Each structure stands twice: as C-alpha cells, then as structure tokens.
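Only one structure is covered here, and it is reproduced in the block below.
Please treat every number below as a calculation from the coordinates, not as lab data. Predicted model, so just to flag it, every value in this text is computed and none were measured. Reconstructed Cβ throughout: ideal geometry from the backbone, glycine too, with neighbour counts over all protein chains shown.
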Amino acid sequence: MSAPNKDSCPPQFVFEMMVAQAARRFLSEDNTAEDIVAEIVAGFSEQYSNDALETDMIDALERLFGFIQSVQITDVDLMLISYIWFCANYESLQVERKKKFLFGNPLKGKPRLLARVYTLTTNFRSYATSVGQGHAPLRPESWKPEDEVEFEPIFSVLFPKPPEKAK
C-alpha cells in the first residue's frame, strides 16, 4: 500500500455512493455482495485505504436492504441511482454541494468515521422519506454518471464503461 493513502478513507458522501452502487449491482447482477464490494474497493485502492472498507460496506448493504424491505419503494433501482445523484449534487436536502473547492480536493481521503454505516442509513432513510413526501428531487431523466466531471475518478470506478466489442 502506498504511503499517501495509508490511513485515508473516502469522505462520507463518496462512501454512500459506493454502497448505493454496490446495492444496485447486487440487485441486477448474478454476483455475491462480497464479490461486488471487493471489486469496488479494489477500484479505489489507489485513492483510499482498504482497511475496514469492505467490512463497513457489507454492513451498510445489510442495513440498507433492511430499510428497503421495511418500506414500499416501487422502483428500488431508480431510488438508488437518484440517491447517488443526490449525494454528488447535495450536501443535505437544502444545501447544494460545492464541487469546486477553493483549496483541496473534495475526494481527498479522510480519517475513518466510526459511525459511517449508521450515517449512511440515516441519510438514505431521510432522502427516501423526503422523496416519498415530494420534498426531495429524483435524479433528472437527462442525468448520466459521465456528466459528473468533478467526480470523474469516483464515477469511472462506480460506472465502468463496458468493454468495446472487437469488429
């Protein structure tokens, strides 16, 4: 492991996007959650430390699916992709994310938050409830992950381009 990312963990909003995309993939692919999480974590190994990240993501997936099963969400995939969009564009229901920081990088590693799994489930629950009440937006129909230029290092791992077929 390289020295710069020895103890770095993703910021909370990046962690939440990672878990939401892992949940989407788990629902649409014929793969285990552990394999999907390991693949996502490996994609971020250059930016963040892998220590405890896989364990936290698996725990977060269990809690996220526990919430999803406890409520009636008609389109889970739409809710999860909308949550990824929301995390990339909003800090809270009322505050848009400032993507171009004056100093530093918004994707720079941070110390590990002990409550990041709890924070994810709380934030997702708040977002899903707000969407259901009509207070929070779903992602725009025209939005694509490629549109997130500021977060390209994150979205290129979360949404890899499919391999091109040889002619």
Taking the chain, how many lysine pairs are there with alpha carbons less than 21 Å apart, if each pair must be eight or more places apart or span two chains? 12
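Under the rule a/c < 1.5 gives rounded, and otherwise a/b versus b/c splits prolate from oblate, where does the chain land using the Cα gyration tensor?
rounded
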Run lengths n ≥ 4 of DSSP H only: what is the helix-derived mean residue ellipticity at 222 nm for the chain, with -39500 (n - 2.57) per run over all residues, to the nearest 500? -16500 deg cm²/dmol
Mind giving me the FRET efficiency for Ser156 and Val71? R0 is 45 Å, r the Cβ-Cβ distance, nearest 0.05 is fine. 0.90
Give the order of Tyr118, Tyr83, Tyr48 when sorted by the count of other beta carbons within 10 angstrom, beginning with the fewest. Tyr118, Tyr48, Tyr83
I need the shape label for segment 9-93. Rule: rounded when a/c is under 1.5, else prolate if a/b > b/c, else oblate, with a, b, c from the alpha carbon gyration tensor. oblate
Neighbour-count order for Thr74, Thr119, fewest beta carbons within 10 angstrom listed first: Thr74, Thr119
